[in-house]
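Peer 1: Have a look at this one before I ask anything.
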Amino acid sequence: MTMQFWAASACCCGVLIFLSILMWCAAYNKNPHFSCSVWDAKFSLSCVILFSVVCCISLATISHTGFNTALKLLWLLCHGFAAVKLIQHLLNTFPCCASIGEALLLTSGLVLYFGDMLACTISKVCRLLVSPELVSIRYGIKRSEIGIIIQGVLLGLLIFSAVFKFVIHLWEYFCRADNSEPRKNKEIRRSLIFFASLGFTMIVVAPSWMMIVLDFDVHPILWIFHFVLSEPLKQLSLCIYWLGLIYASVLRFYNISKNSKIERILLRKYYHLLAVSMFLPALIYQPKFLDLAFGAALAVFLVLEIIRVWRIWPLGQLVHQFMSAFTDHRDSDILIVSHFSLLLGCALPIWMSSGFNDRPLIPFAGILSLGIGDTMASMVGHKYGVLRWSKTGKKTIEGTAAGIVSVLAACSVLLPLLASTRYIPTQ
């Protein structure tokens, strides 16, 4: 956990240094797109460098030997470098999908999460190849079975994306001379390669990593079946309830989006209310199953987005047309992130609060803020908002006040409900 804290600090520090250097260059080049002075650039860069020096000194004080200090600094330097390269790629490739702050959070989270996977793998390989008595590396935190499955699935999708892209480039290179083959046959063959490689990665590669590196006892698919069937009535009933809500709401809102003049940002807020009705009962009565469901939904969203971006036959065009009905200015034609933001906004507080039971409303933070607070702020601000926070922004004081009051009201109702269902003592 200490290494994770310092890795997150290194990611943020590296990105801030990168942005400060950009300000420095913009101030001296007099770029019209940047309005910053030389003093602002010098001050920001000095503050960030001072912060990095303090972090290095603090890290050195908790290390016993110089070798451990150098090794940790090298590991943190790699985290910072990876974060800088990733945020450059995000801002250049998807300029309209996220602000600087959102891109910084996403970058730090991805580098920290996949850096943890890499560290676990290196530590396990060192213990397998070298005698365990000679290896002093003991990396890793106590993970739940659901956390291991989610981590393994995300790693499998990352590997799958890279491998499939390489295979497609290789296949197109060797089949470039054959232009007589119909385009439909090429799309079918490409689709078969996609689904075959996806199935192999999810059934063989990712479970093998979980079982070897993270010491998972059984095949993850078998564990999921056993977990679901441990309480079949409750969990299968919850799945039927979710599927019914999703089918009814998606069918209704999709028709409205095509035939109505309602702004899409307001139309999407109905999905926030749908998230409250779906996740709130599950979090109270089946929190572990909800963790697993969040991981499965994230994996499905990633696969569908890959299918949409690469136009995989026969679902690619259909998924693109459906998702385009709910996009706004924050989504681009390359990447649609709205559904990821809603899902992760509800899931991350639940995942991050695992093991902490002193504040019972922490797992509900994402559901309440996004499902209730953000929805009320948008609706009230759009209909009754007059006083704006800034001249160029669209946020209104009335909308912010409505969001705060609605969340406070929801918390006052939720706390007695949690006490009546014995959620607070059992947690």
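The values are calculated or read from the model by the stated rules, or taken from the named source; none is laboratory data. Worth saying up front: this structure is predicted, and the values here are computed from it rather than measured. Virtual Cβ from ideal backbone geometry, glycine too; neighbours counted across all protein chains shown. Please note that ligands, DNA and RNA were not included when accessible areas were found on the heavy atoms of the full protein model with its side chains. Shrake-Rupley method; radii C 1.70, N 1.55, O 1.52, S 1.80 Å.
Peer 1: Any residue in region 300-317 that is closer than 15 Å to Thr201 by Cβ sitting within a Cβ distance under 8 Å of a residue that is open to solvent by 30 Å² or more (accessible area, probe 1.4 Å) and part of a loop (DSSP other than H, G, I, E, B)? List the pairs, counting only those 6 or more apart or interchain.
Peer 2: Ile307/Leu315
Peer 1: Let me spell it out: the conditions are (1) within 25 Å of the chain's Cα centre (by Cα); (2) more than 20 Å from Pro349 (Cα to Cα), and Leu370 meets all of them except one. Which number is the exception?
Peer 2: Among (1) within 25 Å of the chain's Cα centre (by Cα); (2) more than 20 Å from Pro349 (Cα to Cα), Leu370 violates only (2).
Peer 1: Could you list, ordered by first residue, the pairs with Cβ atoms under 9 Å in which the first is in region 223-237 and under 16 Å from Ile146 (Cα atoms) and the second is open to solvent by 60 Å² or more (accessible area, probe 1.4 Å), at least 6 apart or interchain?
Peer 2: If the second residue must be open to solvent by 60 Å² or more (accessible area, probe 1.4 Å), the pairs left are Trp223/Glu145; Trp223/Asp217; His226/Val218; Phe227/Glu145; Phe227/Lys288; Val228/Leu236; Leu229/Leu236; Gln235/Leu229.
Peer 1: Would you check if Ile49 is under 15 Å from Cys12 (Cβ atoms), modelled with pLDDT of 70 or more and open to solvent by 40 Å² or more (accessible area, probe 1.4 Å)?
Peer 2: yes
Peer 1: Can you name the number of the only condition in (1) at pLDDT below 80; (2) in contact with a helix residue (DSSP H, G or I) (Cβ under 8 Å, 6 or more places away or on another chain); (3) over 26 Å from Ala98 (Cβ atoms); (4) open to solvent by 50 Å² or more (accessible area, probe 1.4 Å) that Thr421 fails?
Peer 2: Answer for Thr421: the failing condition is (4).
Peer 1: Taking interchain pairs and intrachain pairs at least six residues apart, which have beta carbon atoms under 8 angstrom, with the first residue in region 80-96 and modelled with pLDDT under 80 and the second part of a loop (DSSP other than H, G, I, E, B) and surrounded by fewer than 14 Cβ atoms within 10 Å (Cβ to Cβ)?
Peer 2: Thr93/Ile334; Phe94/Ile334; Cys96/His329
Peer 1: Consider Leu233 carefully, then state whether it is at pLDDT 85 or above, of a type outside the set (Gly, Ala, Ser) and open to solvent by 60 Å² or more (accessible area, probe 1.4 Å).
Peer 2: Spelling it out, Leu233 is indeed at pLDDT 85 or above, of a type outside the set (Gly, Ala, Ser) and open to solvent by 60 Å² or more (accessible area, probe 1.4 Å).
Peer 1: Kindly provide the set of residues from region 361-384 that are over 30 Å from Pro416 (Cα atoms) and crowded, with 20+ Cβ neighbours inside 10 Å, ordered by number.
Peer 2: None; the set is empty.
Peer 1: Which condition does Pro207 not pass, out of (1) open to solvent by 40 Å² or more (accessible area, probe 1.4 Å); (2) modelled with pLDDT of 90 or more, if it passes all the others?
Peer 2: Unmet condition: (1).
Peer 1: Follow-up question, since we're still on this one. So, in region 270-297, exactly how many residues are more than 18 Å from Ala365 (Cβ to Cβ), open to solvent by less than 40 Å² (accessible area, probe 1.4 Å), part of a helix (DSSP H, G or I) and not aliphatic (A, V, I, L, M)?
Peer 2: Summing the residues that are more than 18 Å from Ala365 (Cβ to Cβ), open to solvent by less than 40 Å² (accessible area, probe 1.4 Å), part of a helix (DSSP H, G or I) and not aliphatic (A, V, I, L, M) in region 270-297 gives 2.
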